[in-house]
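Okay, structure first, notes after.
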Amino acid sequence: MPAKIYRPAKTAMQSGKAKTQNWVLEFDQERPRVIDSIMGYTGSGDMRQQLRLSFETRELAEGYAQREGIEFRVIEPKEATRKSVSYTDNFKFTRTQPWTH
């Protein structure tokens, strides 16, 4: 069963970077999810979908997958680029667009 190894991105709900330093190994979906006709719950017979392993480094995650014979792919993290913006830039003479309310 194939798996993916990635480093999670920061949540959009907060500005902090908690839980983004570790690498995660997750298994891909093997069977489609089914909807229970009586209760409307979504379920699956695939237990590996619930498994999420966390590692300190990418090498540890890859080593674990190779030792256990798990087929995997690595998704490289995309680093956020921060643009520094200052309030005083709104009033510069070199501004390309006029500042209005």
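The values are calculated or read from the model by the stated rules, or taken from the named source; none is laboratory data. Keep in mind that what you see is a predicted model, and the values were worked out from it rather than measured. Glycine also receives a Cβ, built like all others from the backbone with ideal geometry; neighbour counts cover every protein chain displayed.
Values as computed for the structure displayed
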{"read-out": "Selected residue (criterion: farthest from Arg7 (Cα to Cα)) from residues of segment 58-79 that are hydrophobic (A, V, I, L, M, F, W, C) and in contact (Cβ under 8 Å) with a residue 60 or more places away in the chain", "value": "Ile70"}
{"read-out": "Qualifying positions in segment 1-43 - of a type in the set (A, V, I, L, M, F, W, C) and farther than 25 Å from Val74 by Cβ", "value": "Met13, Val34, Ile35, Ile38, Met39"}
{"read-out": "Enumeration of residues in segment 34-56 that are assigned to a loop (DSSP other than H, G, I, E, B) and surrounded by fewer than 12 Cβ atoms within 10 Å (Cβ to Cβ)", "value": "Asp36, Ser37, Ile38, Met39, Gly40, Tyr41, Gly45, Leu51, Glu56"}
{"read-out": "Yes/no for Ile75 being out of contact with any Leu (no Cβ under 6 Å at 6 or more places or on another chain) and of a type in the set (Val, Ile, Thr)", "value": "yes"}
{"read-out": "Residue check, Gln66 part of a helix (DSSP H, G or I), out of contact with any Ser or Thr (no Cβ under 9 Å at 6 or more places or on another chain) and modelled with pLDDT of 85 or more", "value": "yes"}
{"read-out": "Condition broken by Trp23, with the remaining ones in (1) touching a helix residue (DSSP H, G or I) at 6+ places or on another chain (Cβ under 6 Å); (2) touching a residue at least 40 places away in the same chain (Cβ under 8 Å); (3) not hydroxyl-bearing (Ser, Thr, Tyr) satisfied", "value": "(2)"}
